[in-house]
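Peer 1: Shown below is the structure under consideration.
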Amino acid sequence: MKENKFSDKRYGFSEVMPLVVQRILASCNTEKCFQHLDAAPIPSRDSVALTLHNARRILFPGYFSQRVPAPSNLEHCLKEEMIELFKELSKQIILAVKHDCMRYDQPCARCDEMGRAKALEFIKGLPRLREILATDVRAAMEGDPAAKSYDEVITSYPGLFAITVQRIAHELYKLQVPGLPRAMTEYAHSFTGIDIHPGAEIGSYFFIDHGTGVVVGETTEIGNRVRLYQGVTLGALSMPKEAVESFRNKKRHPTIEDDVIIYSNTTILGGDTVIGARSTIGGNVWLTESVPPDTKVYLKKPELIYSGNGSVPSTKIREKRMVRQIKGPVSAAGC
């Protein structure tokens, strides 16, 4: 019989495998590498996804269910969904709390009770959560001429998905549930490219257009009717490694007041930075200082260089350029 070119015999897998296993086992007994053995299980990514999808079916009835409930049957369906959400969320919170107890060498005497109590508090807040998400849906429809319907916004817009997950996670963050809120927002981040920390405080009518590359840090405060475009960062200033612990519970990210628009690829950093109400920040701006209310911040118009066949811009292009010089700079956001 012809020897398989990928066979164990040819490549010596049987000899190599025990050596590799022994080296990995040895690394588990050092502090150089990480392991999670003899510990309480932590919420899995699949469980996090299941919990989020359960919550979305309640927050947006009929949109994400396999069977669309009839109005006469809606109460029964909501009760069933809520029971399922309570059971699954309680289980995940209990795992998260037990894991935290083990991490800090604390007794787990009330972990189960605490998990169910926190899950119940979250359930109580669902009507209010649904109301604020409705404002986000309206903000998307009213702020984006490319949006064709509310249904399209709810089922298709990555910005709304990321905001929905963040608002769910934020409620658990306020209830001091460990681990789970961040796992939720990172799940949304992996699908949308939008990274919003569960700790961020966000007002009503929040809209993220396009969204890819948006980053919103933990201590960011965002007012009402704020609009962000793709690539916006609301972040913290870098600091030396030895200073990280002292800043862990301090405000490190900016405050964005009501009715602010921030265009593409702008970076705003620092806990003392405040963008005043009704201000507009143009694209590609870098800010580490506050801006008063009713202010427009733009980069100075760059010089365009044309090369190739030696021709100058057409009359039409020159006319557009003159109009822009008269009216002032414009930031392209995309539609």
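The values are calculated or read from the model by the stated rules, or taken from the named source; none is laboratory data. On a predicted model such as this, the values are computed, not experimentally measured, just so you know. We place every Cβ from the backbone using ideal geometry, glycine too, and count neighbours over all the protein chains shown. Only protein heavy atoms, including side chains, enter the accessible area calculation; ligands, DNA and RNA are left aside. Shrake-Rupley method; radii C 1.70, N 1.55, O 1.52, S 1.80 Å.
Peer 1: Accessible surface of Ser90 in the full protein assembly, 1.4 angstrom probe, to the nearest 10 Å²?
Peer 2: So the heavy atoms of Ser90 present about 10 Å² to solvent.
Peer 1: What accessible area per residue, rounded to a whole number of Å², is obtained for region 68-159 using a probe radius of 1.4 Å?
Peer 2: Accessible surface, normalised per residue, equals 60 Å².
Peer 1: Helix 13-27 against the longest principal axis of the chain: what's the angle in degrees, Cα atoms only, rounded to the nearest 10?
Peer 2: Taking Cα atoms only, the helix is inclined about 80 degrees.
Peer 1: Mark the label point 7 Å from the Cα of Thr155 along Cα→Cβ and return the residues of region 50-77 whose backbone N is within less than 19 Å of it.
Peer 2: Answer for this model: 53-71.
Peer 1: Pairs to check: Lys79/Lys174; Lys124/Lys250; Lys124/Lys174. Give those whose C-alpha atoms are more than 22 Å from each other in this structure.
Peer 2: Lys79/Lys174; Lys124/Lys250
Peer 1: Filter the trypsin sites (Lys or Arg not before Pro) in region 143-184 down to the DSSP loop ones having no more than 16 other Cβ atoms within 10 Å, then list what survives.
Peer 2: Lys148
Peer 1: For the residue pair Lys301 and Met82, what label-to-label distance in nm results when each label sits 7 Å from Cα along the Cα-to-beta-carbon direction?
Peer 2: The modelled label-to-label distance comes out at 5.8 nm.
Peer 1: Assuming R0 = 41 Å, what is the FRET efficiency of Ala49 and Asn309, from their Cβ-Cβ distance, to the nearest 0.05?
Peer 2: Step by step, r from the Cβ atoms, then E = 0.15.
Peer 1: Grab the beta carbon distance between Glu121 and Asn249, set R0 = 22 Å, and tell me the FRET efficiency rounded to 0.05.
Peer 2: Between Glu121 and Asn249 the formula returns 0.45.
Peer 1: Taking 0.36 nm per residue of sequence separation and subtracting the Cα-Cα distance, how much length would be gained by fully extending the chain between Ala26 and Asp112, in nm to one decimal?
Peer 2: Additional length available on full extension: 27.5 nm.
Peer 1: Something else: Mind ranking His253, His99, His210 by accessible surface for me, highest first, 1.4 Å probe?
Peer 2: Ranking His253, His99, His210 by accessible area, largest first, yields His210, His99, His253.
Peer 1: Read through the labelled values [x] 26, 24, 22; [y] 42, 31, 24; [z] 37, 20, 17 and report the label of the one computed as semi-axes √(5λ) of the Cα gyration tensor in Å from the structure.
Peer 2: Label [y] holds the value from this structure.
Peer 1: Same structure, new question: Using only protein heavy atoms and a 1.4 Å probe, report how much of His76 is accessible, in Å² to the nearest 10.
Peer 2: Around 100 Å² of this residue is reachable by solvent.
Peer 1: Another question, if that's okay. If I ignore ligands, DNA and RNA and count only protein heavy atoms, how much of Phe247 is accessible to a 1.4 Å probe, in Å² to the nearest 10?
Peer 2: Approximately 80 Å² for this residue.
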